[in-house]
Amino acid sequence: MSDTIHIQIDRADGSLQRLIGLVERRGFHIDGMNMADEGPFRRIALTVRGRDAARCLDNLGRQIDRLFGVRRLPDEAMRSEAA
Amino acid sequence: MTAAAFKPSAEAAPRSGARLLVSTLERLGVEVVFGYPGGAIMPVYDALAGSKLKHILVRHEQGAAFSADAYARKSGKVGVCMATSGPGATNLITGIANAMMDSVPMVCITGNVAQGLMGTDAFQEIDILGVTLPIVKHSILVRSAAEVPAAIEEAFHIARSGRPGPVLVDLPKDVQFETTADDHGFSIPNDAPRVDHDAIAAAEAAIRAAKKPLVYIGGGVKIGGATEAVRAFVDATGIPQVSTLNALGTIPTDAHGMLGMLGMHGTRAANHAVQDSDLLIVVGARFDDRATGKLAEFAPNARIVHFDIDASEVGKLRSANVAVVGELREGVEALTQRMRAGAALDIQDWADDCVRSAKDGAHRYDAPGEGVYAPALLKEISEAAGDDFVAACDVGQHQMWAAMHCRFAKPEAHITSGGLGAMGFGLPAGIGAKLADPSATVVTIAGDGGFMMNIQELATLKRYGIPLKIVLIDNSSLGLVRQWQELFFAENYSEIDLSDNPDFVKVAEAFGVEAFRIDRRDQVSDGIQRLLAADGPCLAHVVIDPRDNVWPLVPPGKNNAEMMEGS
């Protein structure tokens, strides 16, 4: 089962690579990705799927939170935007 | 120059990016930098001459990274290392990974080719930012001289705040040359999570409900400045404790109630207490597999109270019943206050059982024979050096013997490559620790395998006259691998023989370092006295039986109650 995470990252050297590398290294496949330009930021929607049952999306979220210049966007904000 | 002269000002005289780097390091209070020059970092080395920074010229960049790491562990300050682009930068990598795995604050500065050449496979060009992404806490590629001060300040802030770690700053050569009168300051955010007092109350309730509580102390306690807080908590509650490798000394290793290290080479008392416990109070530890053994069978009866500054460690491997995310000192102090305000815990029988088990299982040092018994030697040297003893360990059997048998009075006394397990750490780590605290009795404890991986740093010892003591425990083999081949690979000894090692005494002497050999048990006490009394650097080459093993041992994939004991 895949989930979508919404993220805003600073437009800094290596920031995209850092995010994607972390997601794959922590045991998730990236099934889809959308990126939009937001001036100094990029807004990214990542569709991810754990490599095995032990991979927990909450843990991945907390790993992403450790990155600098990266912010997870609340799902609700994304939903209301989409509506 | 005074600190005020370095205040960011738009009216300052133009300075190069390299000079801005050096002046920012000075302003941040950096005293020692470990490094090695090369083409792409020459402007920085030009600016270093005449600065207040003491640059330690190592003989391999890996030595610079390891020395900076140990300097940081011993001093509590940010360690700084620098190297040129390409091979200089890639030689830092093992050291960067080491700092990442053990949460050590370190700033690594690399030169790079000029921005116009980046991406063209220029001479000595490597995308070091890309190469190191998985092993840094953060990294910054500086694109203009004006950004240098802010980038360095941000790197220092990130390296030491929260859960510390290494930060890489990559400086293209044109940025080092570029002059600017402009520099942007960096405003330090206050981003430490606050301790949740509801969680503290829940932790107290869990402890009061437990019959067999146990404190599982990790390396985060020292890093978070929470050593005294944890000691006070233990005093206030009487709860027995176990320690990870990186936390040894947080509670003095000979204290009543400290059951020793848990895990693969832990004590029987510690491992059995964990397996029996009904509540683990985990403080700044991360359930590393070397500590837990088979995770599914680890502490099967225990609820978990987990204190950590890093939210991503909570629930990563073992779910927590109570999670306290935030500064450890603040969290533990708040818990202690609550525990003191209430009734004393009724756990005396459990605590007594734990301590009795530790006493009954205490290691014996009366192994028969004439040969040197390494555990006894390591115990003796740590006791002879007293409270000023600091061990800088390499990786292997000697590292486990040091962890099990040395006396550590404080957590800074034990510097070891815990998470990464990087052979070659011991000698450069000893250099970094001794420079961080010249008054300490710093002893590098190495094996013959790891020592050869950074043996060139003997030249650094000699060059700066650093009075580091080295105990080189030589079993003429890769002992821990040999032990596993004996036990788990049907004695199929494959590529572990190092009996063609050089004569280490002659090698040390050739570098200008005093050295002598210890072959027999009756030479040990005099040898330790000679080593500790030496004015300058000194190496004791200790020859032991290659068949000596590290006991006890939890076999890989087994639970921690299934300890093997050798003869």
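The numbers here are math on the coordinates, done by the rules we state, and not lab data. Just so we're clear, the structure is a prediction, and the values are computed from it rather than from any experiment. Cβ: placed from backbone, ideal geometry, glycine included. Neighbour counts: every protein chain shown.
Per residue, what volume in Å³ does the Cα convex hull of segment B:415-481 take up?
Roughly 82 Å³ of hull volume per residue.
Using a Förster distance of 60 Å, how high is the FRET efficiency between B:Tyr493 and B:Arg340, based on the Cβ-Cβ distance and rounded to 0.05? Please list the in-between numbers first.
Numbers: r = 56 Å, r/R0 = 0.94.
Calculated transfer efficiency: 0.60.
One equal scatterer on each Cα of segment A:3-75, no solvent, Debye formula: the resulting log10 I(q)/I(0) at q = 0.18, 0.21 Å⁻¹ is -0.63, -0.87.
If you count, for each residue, the other Cβ atoms within 10 Å and average over each peptide, how do B:93-101, B:176-184, B:59-67 line up from highest to lowest? Please list the in-between numbers first.
Working: B:93-101: 24.7, B:176-184: 17.7, B:59-67: 28.7.
My ranking of the peptides, most packed first, is B:59-67, B:93-101, B:176-184.
Per residue of A:66-72, other chain Cβ atoms within 10 Å of the residue Cβ number 3 on average. Of all the Cα-Cα pairs you can form in the protein assembly as shown, what percent are over 46 Å apart? Taking all Cα-Cα pairs of the protein assembly as shown, the fraction more than 46 Å apart is 19 percent.
What does the helix-only formula give at 222 nm for chain A: each DSSP H stretch with n ≥ 4 adding -39500 (n - 2.57), the total divided by the residues, and the result rounded to the nearest 500 deg cm²/dmol?
Values: 3 runs with 28 residues, N = 83.
Roughly -9500 deg cm²/dmol at 222 nm, from the helical runs in chain A.
Partners of B:Lys316 within straight-line reach, counting lysines whose Cα lies under 17 Å from its Cα and excluding those fewer than 8 residues away in the same chain: B:Lys294.
For segment B:3-180: lysine pairs with Cα atoms under 19 Å, gap of 8 or more or different chains, count? Present the calculation step by step, with values, prior to reporting the outcome.
On the way: B:Lys7/B:Lys52; B:Lys52/B:Lys77; B:Lys54/B:Lys74; B:Lys54/B:Lys77; B:Lys77/B:Lys137.
Close lysine pairs under the 19 Å cut-off: 5.
Could you work out the mean count of beta carbons from other protein chains within 10 Å of each residue's beta carbon in A:53-60? Mind showing how you got there, number by number?
Working: counts 0, 1, 0, 3, 0, 4, 7, 1.
Neighbouring Cβ atoms belonging to other protein chains average 2 per residue here.
Determine the shielding of peptide B:314-324 by partner chains: average, over its residues, the number of Cβ atoms on other chains within 10 angstrom of each Cβ. It would help to have the intermediate numbers written out before the result.
Numbers: counts 2, 4, 6, 2, 0, 1, 0, 0, 0, 0, 0.
So the per-residue partner count for this stretch is 1.
Radius of gyration (Cα atoms) of segment B:197-360, expressed as a multiple of 2.2 N^0.38 Å: 0.91.
Bridgeable aspartates and glutamates around B:Lys462 (alpha carbons under 19 Å apart, same-chain partners fewer than 8 residues away excluded): B:Glu61, B:Asp437, B:Asp503, B:Glu509, B:Glu514, B:Asp535.
Computed from the Cα positions only, the extents of chain B along the three principal axes stand at 72, 61, 42 Å, in decreasing order. As a check on your grasp of the helix formula, calculate [θ] at 222 nm for chain B: sum -39500 (n - 2.57) over DSSP H runs of n ≥ 4, divide by the residue count, round to the nearest 500. After summing the helix terms and dividing by the residues of chain B, the value is -10500 deg cm²/dmol.
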